[in-house]
Amino acid sequence: MDYNNLNGIQKSAILMVSLGVDTASEIFKNMPEPEMERIAMQIASLEEVPSEVMDRVVDEFFQLVKAQEYLTQGGLPYASKLLEEALGSNKANEIIRRMEALQSEQARGFSLLRRADIQQVLNLLGNEHPQTIAVVISHLEPKQAAGVLAYLPNELQHEVIYRIATMEKISSDLLEDVENLIKVQIESVYTRELNEVGGVEAVAEILNLSGKSLEKSIIERIQERDNDLAQEIRSLMFTFEDIQKLDDRSIQRLLKEVDTKVLTIALKGSVEEIQNKIFSNMSSRAAEMVKEEIEFLGPLRVKEVDEAQRQIVEIIRTLEEEGEIVIMGGDGGEEFVV
């Protein structure tokens, strides 16, 4: 594999694989579907990626992120000067041209956050000061900002709302500090050890963590182009519906690890067969309590149900890898490993 012959989609696929399953699945959630499909197909077709090629792909992306940082700080002349000092004139000019082609605004920290989901933003904010949270939320789209606020503790909600309401002008130093906070998180992802490769296993792992709706959409699109490839990916995946493939002992072991609230939300959006499978492996009293909770839940967003089911699937995969549970084939015949 020659780095110089790679196109944009091939580089994107290699970058996604290098980031690892968790990060790649989060990025997938925020991509347009046609782009997701193309990258998923490319990941599935990857075989062995030489470490030097993977290093160069990640390095290229990292250079683009750094170049955007320089552009944001001092404009094109400033960026050109720093890049030329660091990389030489030819390389600096090449990166600047590439930045212009990619519309540099897309690499800014706040712009990246606007494409992130609510949980990603919450993870980033962590235990940040209310003023920092207020600055970040004020730069999000209203719908996204409302979603983030909804998950903050009540007291913090009030404090952040007050600070947003009384916010007038923000010092450039504070804005730079907040954007640096975002960029540090991004950069930390790109400096990890790179030793993973692609293939259908990588696609299956990414889709397993991407939520049911996205998973279904991508698989259907791949199936339109290559039915055999779609079937191969599907065979390597374990979905929430596959809980029916667990034996009773495995269900009971699973229930020890699953939070009751998460289980209730997940079952709210599941078919009757799965509910019965779970309830039959609980005590009568516990089953009745969960049934009552399901009734009291009321309408739920599909995204909430998908997230709860994804968490349970992740626990199942961990238990299976540790040899704690057994996953059976769909016909109840031979065992298989996910």
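The values are calculated or read from the model by the stated rules, or taken from the named source; none is laboratory data. All of these numbers come straight from a predicted model, not from anything done at the bench. Here the Cβ is made from the backbone with ideal geometry for all residues, glycine too, and neighbour counts use every protein chain on show.
What are the pairs, 6+ residues apart or on separate chains, where a residue within region 124-143 that is farther than 19 Å from Asn154 by Cβ has its Cβ under 8 Å from a residue that is surrounded by fewer than 20 Cβ atoms within 10 Å (Cβ to Cβ) and modelled with pLDDT of 80 or more?
Ser138/Ala145
Please work out which residue is modelled with the lowest pLDDT, limiting yourself to region 84-93 and to residues that are surrounded by 15 or more Cβ atoms within 10 Å (Cβ to Cβ) and either of a type outside the set (Gly, Ala, Ser) or over 16 Å from Asp59 (Cα atoms) (or both).
Looking at residues that are surrounded by 15 or more Cβ atoms within 10 Å (Cβ to Cβ) and either of a type outside the set (Gly, Ala, Ser) or over 16 Å from Asp59 (Cα atoms) (or both), I get Leu87.
So in region 220-261, with the set limited to residues that are of a type in the set (Ser, Thr, Tyr) and touching a residue at least 60 places away in the same chain (Cβ under 8 Å), which one is surrounded by the most Cβ atoms within 10 Å (Cβ to Cβ)?
Result: Ser250.
Would you kindly identify the helices (runs of 4 or more DSSP H) lying entirely within region 124-179 that contain at least 2 residues that are crowded, with 18+ Cβ neighbours inside 10 Å and either in contact with a Phe, Trp or Tyr (Cβ under 8 Å, 6 or more places away or on another chain) or modelled with pLDDT of 80 or more (or both)?
Answer list for region 124-179: 130-138, 142-150.
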